[in-house]
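Okay, so here's the structure we're looking at.
Every read-out reported here was derived from the displayed coordinates using simple, explicitly stated rules and does not represent laboratory data. Being a predicted model, the structure only gives us computed values, none of them experimental. As a convention, Cβ positions derive from the backbone with ideal geometry for all residues, glycine included, and neighbour counts pool all protein chains shown.
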Amino acid sequence: MKRSHRLLLFAVGAAGMAFVYCAGALNMPPWGQYRGPYGDVIAQLAVYQRHATDTVNAVTYDYRGFDTLGEEFILFSAVTGVMLLLRPEPDRSEEKGGGGSGNPASFPDRATLSETVQVFTTAIFGFSVLFGIYMATHGQLTPGGGFQGGVILAAAPMLLYIAENTEAFQRIVSHPLVEFFEGVGAAGYALIGIAALAMGAAFLTNVIPLGKTGDVFSSGTIAAISACVGVEVAAGFTLIIFEYLREILSRSKADEE
Amino acid sequence: MIAILGVGLLALIAISALAIVRTENVTSQVIALSFYGLLLALMFFLFRAPDVALAQITVEAIALPLMVMLAITRMKDREATGRAEQEKR
Amino acid sequence: MPSPALLVALPLIVAAVLGALRRMIPRRAADLAGVLTAAGNLAMACWWTAHAIHRTQVYWFGGWFPRGRMALGIGFTMDGYGCALAALAALLTTLALIYSSKHFESAGGHFHPLMLVFLAAMSGFAVSGDLFNLFVFFELMSTAAFALCGLKTREAAPLAGAFNFAVTNSVAAFLMLTGIALLYSTTGALNLAQIGLALAGRHDRLVLAAFVFLTTGFLVKAAVFPFHFWLPDAHAVSPTPVCVLFSGIMVQLGLFGAMRVYATVFEGCFAGTRIPWLFVVFGAATALWGAMMCFAEHHLKRLLAFSTISHTGLMTLAFGLWSKAALTGLFIYLAAHGLVKAGLFFCAGILLHRFETMSEPALFGRGRALRWTGPLWLLGGLGLAAAPGFALAVGESHVTRVAPWTEATFFIAGAMTGAAVLRVGFRVFAGLGDPGPEDRSARLDEKPETTDAGHRVNPVLYAPAFACIGGCVALTFWKGLTRVAEAATTSFMDFNRYAHTVYAGATLVPQVGGAQAALTHGMISAGLRALAAVTVALWAVLHLRMPRRLRWPSHLEGSMRRVRELQSGHPGDYVAWLTLGCAVLGAAAFWLGL
Amino acid sequence: MSYPADYPYFIAAWILLCGLYGIARSRHLVHMVISLTVVQSSTYVLLLAIGFRRGGYAPVFAGLQTGVKVVDPIVQALMLTDVVVETTVVALLLAMVVKAHEKGGTTSPDDLRFLRG
């Protein structure tokens, strides 16, 4: 199909879709007047039932925790998919084996960064690791949680890369344990659910004491699940970044040699 | 106050959504996407969704542009190597 | 009593462990773990089916029982229809894993975790009773499927196919989410039963809009015309075991999603309108379009993909009739089609393994060396034509019993797809006639997916194909088939019973006597259709020996360039078609509904 | 109920159509992926608009009395799931693009049509 034909087709379709949507939206309750009941019931119950002050995380990791299990495995399968798609192929490396890989033009010589920058980024690296861990473990109390903390943790090694500490960066992200932790985080979530099953309760029922509202170790499984999610997300994103960078890294290494 | 800010922000979001899809150059698109992600995060804060706003900042302002840039770099890198190898032959 | 949660949790945990220990686990162990897990799922799903056709049950995750009418958490509704689909998914996954256990390239250990995640998603999708949870499993299913589709990364075509698949299905998921949001805005609920009760037969533009977006989302997965373009691309490039799951169950689960949501949420709202006719019209169009394209194709996997489109169209049509007999027929048809199509894909996989091509002209006459594959393939072709002796004919006769005028669509779609498969069979396995016309898509070069391609064919590759085709025949002669299907349909269609299950925990299903009487008529038409399929196939194969005036089937086979150009391989085109389809569906729904 | 007051609902539709338009007119696969994220972001706006309540507080009770009026926590939980889905799909799609470019030597959907007919 020619591009103009496609856009014409799309224009007709989009007009129809807009019509359907607008006709429907005009019957929606007016904006700014959410009328429940699901959210209101949960907002009332969560603090009493779950000793969690952040009701969003109470919903994410407990009331609708099964959705989040699915979501974690969406991440898991996407990471597996990225590794699968970008897996190194044996025949290709043979092809270029002797041919002197790498091209100086694609890697312009960069000026070494000043020491100030290097020290500074290392400090920020430490800070973001701490911040990520903090966020992943305080999800039940304040905004944040395993997912947000995990992404911050995964982004931390990138700071080392930016600071041209490629050696340390590579040692962290290419470690086989990363992959191990990704699976463990994902399995851990499901195993927490199974633990409840083994104790005779329904899947993902809270079986850990709830603790005092507002405490780090409060609200039972929410904290534990949030930690698992943190591990999985951090490892998963690290793997994705590494898979994208692998080829570039190996080539720049070959250049240095 | 919140109403005026909300109108402004949502209008800005609507405009940048169109701007993103109309940008042809992929690299500038990534920058636009990052900006768009920040706008959305700001809107989430404004409309009382701090959890989502945090997730949004970490994802759409950090992780997504990073992934796209890495992908583009990898493709450019490969193109450059391919050219170099051809020249050698 | 196995917990329903295990249907999802078991494969997920095994997948995560296999993923974590990927570098340490030997190939054999991974195969064994995969097959055992899938078989375990199959056992659980069968157990649940056997119980659910007598008594449907609800299972609340996290022990969050509803407060009054308010569902706090997520519930699985274990009913006959859903459990049976979960069992079919587990069966096909088990067979696919057995098939891939010896020769198949495992992509560095990533294959097994993805297959198990895929199975978990399909099981969860089949029995979930929560609208957003359906979306989550839809996405989980998609993500695993996208990755599996792009497994063969040595060439660009699989990646293009996977990309088209991923873009269209992601757009579908977001449209679905839009529909969910519209429903949530007015009902404030996500549980299907609660939404149904909250809407209480309300029939206005908002409900219609939500219906349109949700249904579009599901129908993209179900590959209904004009949302079907991604499917042949994805199938042509996917590895064989993945094709089996796509064609045998995933596509039908898309339709099942639409059915489930219609039965619980919208049925009360649209009772008395002609909105179900939308499915009849879209389904019939899909069935005929798919049949026509199927006959014109010469790439074996693409040909089978188009026949899947055609048959799913027939199922959509049966769903649109919305009567107990039609849905009973649909149940049987779905199971039987899944088995036959899986068997055919396994046969195609054997051909690919042995001869390293999927092109009909290139395979001409070469299949004579394979003693067992030929008969299986021809039987599969007869099965697709819903010949007597295959359960498809039973399912179809239930549908045509209530709506005799659908006979023509069933006849044409069945005969054409059957004829296409038989034509390939005659040419490849018997070397009859001429190799047939060459076309572009048939030249799509397939790199072997197995590690020792071209060698002798191991029994591991045959066994699943035998099991599938044999299973379909056995299904026909199983006395309990109609009874199970009717019990499952009874609880599936009755929303009051569904809501009662959700809020009271469990409901007994009334057992009805099977309606076997009218099936003789069905068998006659089935016999005629099989005859027509064989005739058309022979005609197409031997057209050069026919008088010039009688060579028209070869036109169906060769010259449809304009129409086939629509299948353009461009994701932008597919999304444009998707938008147009959504708009047409919307316009029709507003016209019929208001 | 009426157009000007309910503008966020319509902004969501606008973003949805913008994203779809981007996919339809795209000449670069990465461009297409980014357009897909725009499609996705429309669902954020819609969900957030639905759960919003004028004068409501954020549903975090650290330092709030229980029983005050808050906005809907459910939609926010759904959005969190949505955000994860978005990133993962993008990661997967980009991997496909990278690999397709590697094997097919192009990033244009017009040149990557191996599956015609």
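Entry for the stretch C:55-147 at q = 0.14, 0.25 Å⁻¹: log10 I(q)/I(0) = -0.59, -1.25, Debye formula applied to identical alpha-carbon scatterers, no solvent contribution. Could you state, as a whole-number percent, how many of the C-alpha pairs of the stretch C:341-426 are farther apart than 19 Å? Result for the distance tail: 42 percent.
Exposure here means at most 13 other Cβ atoms within 10 Å; with GluC sites (Glu not before Pro) in a DSSP loop as sites, the longest stretch of chain C lacking them is C:1-437. With N as its number of residues, the stretch B:2-88 has a Cα radius of gyration that, divided by 2.2 N^0.38 Å, comes to 1.44.
Rounded to the nearest whole Hz, the Karplus-based 3J(HN,Hα) values (6.51 cos²θ - 1.76 cosθ + 1.60, θ = phi - 60°) of the stretch C:384-395 follow the sequence 5, 6, 6, 6, x, x, 10, 5, 4, 5, 4, x, with x at glycine and proline. Set against the 2.2 N^0.38 Å expectation for a compact globular protein, chain C has a Cα radius of gyration ratio of 0.90.
Backbone amide hydrogens, once placed in the peptide plane, bring C:Leu432 within less than 5 Å of C:Arg427, excluding anything fewer than 5 places away on its chain. A Stokes-Einstein calculation at 4 °C with viscosity 1.567 mPa s, built on the Kirkwood radius of the stretch C:163-273 over Cα pairs, returns a diffusion coefficient of 88 µm²/s.
Using the Cα coordinates of the stretch C:237-325, the gyration tensor eigenvalues translate into equivalent-ellipsoid semi-axes of 28, 15, 8 Å, sorted from longest to shortest.
Scaling the Cα radius of gyration of the stretch C:99-175 by the globular reference 2.2 N^0.38 Å produces a ratio of 1.20.
Distant-in-sequence amide contacts of C:Arg55, defined by a placed amide H-H separation under 5 Å and a gap of 5 or more residues or a different chain, comprise C:Val509.
Put in line by how crowded their Cβ is, counting other Cβ atoms within 10 Å and starting with the fewest, A:Val229, C:Val261 read C:Val261, A:Val229. Mean projected area of the Cα convex hull of the stretch C:1-105, taken over all directions, amounts to 7.9 nm². With the largest listed first and rounded to whole Å, the semi-axes of the equivalent ellipsoid of the protein assembly as shown from the Cα gyration tensor are 42, 36, 27. Taking amide hydrogens as placed 1.01 Å from N in the peptide plane, the amide H of D:Val70 sits under 5 Å from those of D:Tyr57, each at least 5 positions away in sequence or on another chain. Between the alpha-carbon centers of the stretch B:1-71 and the stretch C:265-301, tell me the distance in whole angstrom. That distance is 39 Å. With helices as the sole contributors, chain C gives -22500 deg cm²/dmol at 222 nm; each DSSP H run of n ≥ 4 counts as -39500 (n - 2.57), and the sum is divided by every residue. Model label sites at C:Ala200 and C:Met560, defined 7 Å from Cα along the beta-carbon direction, differ in position by 5.1 nm.
Extent of the stretch D:19-78 along its three principal axes (Cα atoms, max minus min coordinate, largest first): 53, 19, 14 Å. When the Cα convex hull of chain D is projected onto planes of every orientation, the mean area is 10.4 nm².
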